[in-house]
Amino acid sequence: MSLTFHWFLPTSGDSRGLVVGGHGTPMSGDRPASLHYLNQVAAAAETNGFEGVLTPTGSWCEDAWLTTAMLAGTTDTLKFLVALRPGLMSPTLAAQMAGTFQRHSDGRLLINVVTGGEPADQRAYGDFADKETRYARTGEFLHVVKSLWESQEPFSFTGEHYRVENALLSNRPNPVPPVFFGGSSAPAGPVAARYADTYLTWGEPVLAVSRKLEWIRGLAVDHGRKLDYGLRIHVISRDTSEEAWGVADKLLAGIDPADIARVQASLAGSESEGQRRMVELHGGSLDRLEIAPNLWAGVGLVRGGAGTALVGSHEEVAERLVEYSKVGINHFVLSGYPHLEEAYWFGEGVLPILERKGLWQHPNRRPYIPAVTPFAGASSS
């Protein structure tokens, strides 16, 4: 199995400490998410061999479409995993935007569909649909989008949530962008099985991840489909295990207990099953954060969404990634604090180990051309 690695674009800001908030809670880092800084993170990801960068969506971060469109012009091969929410835009417009992005970026768009699970944030955007409705709407949204990407004739559709009449894209995306989709609740499974190209899950112990993937695999078989699978998780990788855990301890020491209480209170109102599972891993307590070998739940004390990190030496982190790959994970969407420096720790420490194992290769490595001094050794006349 060849593994693919993606990095994260911190569009709410970055920090040497844990950035507090997200998923319905205000979030900002002491390194502002300026275009200049995001360009540095994107360049670091591209240099170190990450195929793409996940760009989040929500009121706590910058807009994903606009930000990545700006960054596409300053990168060469890096792809952009752009998060979008069905219900906040027309599926025809989304299909058209994807086509435009593909043409102007030379085919570097990936799409992450976020159904949503934070009621307060969704209502702020005017979306008052309940959970069951949101997943049903997502299915219709993806049906329309994918049909428009494939159709050479005008397409019409009438569903419970969308009605489209004689829609046709003048320029369909080429290539068609892969759809990444996550969801841990019962109504998420059928949508993933029918429409996702890559099913994403957050970082739980390997056995829990394996069981979730088996659930989706079984549903996908019913639709005659075979999916890829991805893991969204943080990393703290250093030359030695002691050094890595020292970084984790420092991050933990920098957390304000008031922030833990505030964020956990906010996340308690989440409708996301995945978020509930993240909270359950630590229970708001600092006493049981290493929930499996090298798997640390400390991030989730103050951050919504992905709340676990792989912590250890480069060799240990590589071993854990291999364990996840053996249950079917072939995409890893990673992040770390700060994102700029951590991209190099992981890229220079872990990826070479996986390359030696034959599990990864740099997607855009350029051949080394030694520098030549002009006219060196030439005789003067």
Please go through region 315-337 and pick out each residue that is open to solvent by 10 Å² or more (accessible area, probe 1.4 Å) and either part of a helix (DSSP H, G or I) or of a type outside the set (Phe, Trp, Tyr) (or both). 315, 316, 319, 320, 322, 323, 325, 326, 327, 328, 330, 331
Give the residue, chosen from 231, 252, 213, 207, that is within 18 Å of residue 193 (Cβ to Cβ) and hydrophobic (A, V, I, L, M, F, W, C). 213
Against the definition (in contact with an Asp or Glu (Cβ under 9 Å, 6 or more places away or on another chain), of a type outside the set (S, T, N, Q) and modelled with pLDDT under 95), how does residue 281 come out, yes or no? yes
Within region 334-344, is even one residue at pLDDT below 95 and closer than 23 Å to residue 9 by Cα? no
Can you tell me which residue within region 1-28, out of those that are over 25 Å from residue 254 (Cα atoms) and of a type outside the set (A, V, I, L, M, F, W, C), is least open to solvent (accessible area, probe 1.4 Å)? 6
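Yes/no per residue for (1) of a type in the set (A, V, I, L, M); (2) closer than 19 Å to residue 202 by Cβ:
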residue	(1), (2)
230	no, yes
255	yes, no
258	yes, no
268	yes, yes
275	no, yes
282	no, yes
Residue count, region 214-259, condition touching a strand residue (DSSP E or B) at 6+ places or on another chain (Cβ under 6 Å) and either charged (D, E, K, R) or in a loop (DSSP other than H, G, I, E, B) (or both), comes to 4
Mind checking which pairs have a first residue in region 322-333 that is modelled with pLDDT of 95 or more and among the β-branched types (Val, Ile, Thr) and a second that is open to solvent by 20 Å² or more (accessible area, probe 1.4 Å) and assigned to a helix (DSSP H, G or I), Cβ under 8 Å, 6 or more apart or different chains? 327/206; 327/210
Scanning for something within 14 Å of residue 296 (Cα to Cα) and surrounded by fewer than 18 Cβ atoms within 10 Å (Cβ to Cβ), does region 190-203 turn up at least one residue? no
Considering only residues that are assigned to a helix (DSSP H, G or I), surrounded by fewer than 22 Cβ atoms within 10 Å (Cβ to Cβ) and of a type in the set (A, V, I, L, M), which ones fall in region 29-66? 35, 43, 44, 66
With 273, 280, 290 as the choices, which residue is surrounded by fewer than 21 Cβ atoms within 10 Å (Cβ to Cβ), of a type outside the set (Val, Ile, Thr) and farther than 25 Å from residue 187 by Cβ? 290
Pairs needed: first member in region 21-44, under 12 Å from residue 71 (Cβ atoms); second member anywhere, part of a helix (DSSP H, G or I) and among the polar types (S, T, N, Q); C-beta distance under 7 Å; at least 6 residues apart or different chains. 38/67
Tell me, which residue of region 225-246 that is in contact (Cβ under 8 Å) with a residue 60 or more places away in the chain, farther than 27 Å from residue 212 by Cβ and open to solvent by less than 50 Å² (accessible area, probe 1.4 Å) is farthest from the chain's Cα centre (by Cα)? 241
Here the residues within region 99-120 that are crowded, with 21+ Cβ neighbours inside 10 Å and among the acidic types (Asp, Glu) are 118
Residue under question is residue 25, and the condition is that it be modelled with pLDDT under 95 and among the hydroxyl-bearing types (Ser, Thr, Tyr); does it hold? yes
Log entry, pairs with first residue in region 257-282 being touching a residue at least 12 places away in the same chain (Cβ under 8 Å), second being open to solvent by 70 Å² or more (accessible area, probe 1.4 Å), beta carbons closer than 8 Å, six or more apart or on different chains, reads 269/120; 270/276; 279/268; 282/288
Would a scan of region 148-170 turn up a residue that is within 23 Å of residue 54 (Cβ to Cβ), open to solvent by less than 40 Å² (accessible area, probe 1.4 Å) and outside any strand (DSSP E or B)? yes
I'm checking my understanding of the structure. Among residues of region 345-369 that are open to solvent by 80 Å² or more (accessible area, probe 1.4 Å) and of a type outside the set (D, E, K, R), which one is modelled with the lowest pLDDT? 368
Where residues in region 247-260 are farther than 25 Å from residue 313 by Cα and among the acidic types (Asp, Glu), which of them is least open to solvent (accessible area, probe 1.4 Å)? 259
The listed residue being of a type outside the set (S, T, N, Q), within 24 Å of residue 181 (Cα to Cα) and in a strand (DSSP E or B), out of 200, 207: 200
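The values are calculated or read from the model by the stated rules, or taken from the named source; none is laboratory data. A quick note: this is a predicted structure, and the numbers were derived from the prediction, not measured. No Cβ is skipped: glycine too gets one built from the backbone with ideal geometry, and neighbour counts run over all protein chains shown. For the accessible areas, the whole protein counts, side chains as well, though only heavy atoms, and no ligand, DNA or RNA atoms are used. Shrake-Rupley method; radii C 1.70, N 1.55, O 1.52, S 1.80 Å.
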